[in-house]
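The values are calculated or read from the model by the stated rules, or taken from the named source; none is laboratory data. Since we're looking at a predicted model, the values are computed, not measured. Here the Cβ positions follow ideal geometry from the backbone for every residue, glycine too, while neighbour counts run over all protein chains shown. Note: accessible area is taken over every heavy atom of the protein model, side chains too, but ligands, DNA and RNA are not part of it. Shrake-Rupley method; radii C 1.70, N 1.55, O 1.52, S 1.80 Å.
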Amino acid sequence: MKNVLEVDSIQKYVNKNFSLSDIYLRCGTGDVLGIFGRNGSGKSMLLKIIFGKENADNKFIRINNQLFKTAYKKPDTIVYLPQNSFLPKNLSVKKILNLYFDRETVAAILEDEFLETMYLSKISELSGGELRYLELKLLLKSTAKFVLLDEPLNALLPILREKIIRLIAIEKASKGIIITDHDFSNLSSITTQNYLMNNGTLKKITGVEDLVLWNYLPTSYTL
């Protein structure tokens, strides 16, 4: 069954210089939507509104034609990766995995050699990249139909970026995914649709030329 998330008529007034206006998105199982934009453009705010943790002056969030005001209260429906870590630092990776999943799923997850090496470590002992990878694995292996990822590749070494991109490419088969990022080249290989957050609205992007047109990239930019 293909699940569908629709985000419609999002409006949020922030101040006289900035607001989100009439935003519409449609994300289905197998889709990876990329939302690009500069810092402060509203990308994170939009994800929080979809998730239900941020109020809006107007919004319609529908999942399989059912309206949700606070989608986060049904974790089997939608989950959200914030820019800051959400895991308790005093717990071990082993404890976290066993809190999230049954024994069979944990065993399958530990077939990932990268995670197996950190299994007995505490969260506080992980590097920033290791922690981000673990958090992504937790959300992408969850039962949620949709996953919202806020700049998951930020400040990561290239080798970890590649591992995370491969992970997303595999897991999108059973989920719809919305990702915010700054660098079009990082994600364009796996996104199915791309958007630019510009002056509080979403502009559909079909290629680099559109990002140049909206002054997000310089005219000299090449992939």
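Computed values, structure above
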read-out: Enumeration of residues in region 120-130 that are part of a loop (DSSP other than H, G, I, E, B) and either open to solvent by less than 50 Å² (accessible area, probe 1.4 Å) or among the β-branched types (Val, Ile, Thr) (or both); value: Ser121, Leu126
read-out: Scan of region 29-67 for residues that are at positive phi and of a type in the set (S, T, N, Q), ordered by number; value: Asn64, Asn65
read-out: Identity of the residue in region 137-162, farther than 27 Å from Leu211 by Cα and assigned to a loop (DSSP other than H, G, I, E, B), that ends up most open to solvent (accessible area, probe 1.4 Å); value: Thr143
read-out: Checking Tyr133 against (1) of a type in the set (Ser, Thr, Tyr); (2) buried (at least 19 other Cβ atoms within 10 Å of the Cβ); (3) more than 15 Å from the chain's Cα centre (by Cα), the condition it does not meet; value: (3)
read-out: Where a residue in region 76-95 is farther than 19 Å from Ile109 by Cβ and its partner, wherever it lies, is assigned to a loop (DSSP other than H, G, I, E, B) and open to solvent by 30 Å² or more (accessible area, probe 1.4 Å), with Cβ under 6 Å and at least six apart; value: Thr77/Lys145
read-out: Residue match in region 66-87 (condition: in a strand (DSSP E or B) and at pLDDT below 95); value: yes
read-out: Selected residue [within 25 Å of Gln11 (Cα to Cα), of a type in the set (Asp, Glu) and within 15 Å of the chain's Cα centre (by Cα)] from Asp210, Asp150; value: Asp150
read-out: Some residue of region 163-175 being open to solvent by less than 30 Å² (accessible area, probe 1.4 Å) and at pLDDT 95 or above; value: yes
read-out: Residue that is most open to solvent (accessible area, probe 1.4 Å) [pool: residues in region 48-66 that are within 23 Å of Asn84 (Cα to Cα) and out of contact with any Lys or Arg (no Cβ under 9 Å at 6 or more places or on another chain)]; value: Lys53
read-out: Tally of residues being in contact with a Gly (Cβ under 7 Å, 6 or more places away or on another chain), at pLDDT 95 or above and open to solvent by 10 Å² or more (accessible area, probe 1.4 Å) across region 1-18; value: 2
read-out: Counted residues, region 184-193 - those being open to solvent by 20 Å² or more (accessible area, probe 1.4 Å) and either among the aliphatic types (A, V, I, L, M) or in contact with a Lys or Arg (Cβ under 9 Å, 6 or more places away or on another chain) (or both); value: 3
read-out: Subset of region 19-43 [buried (at least 19 other Cβ atoms within 10 Å of the Cβ) and among the small types (Gly, Ala, Ser)]; value: Gly34, Gly37, Ser41, Gly42
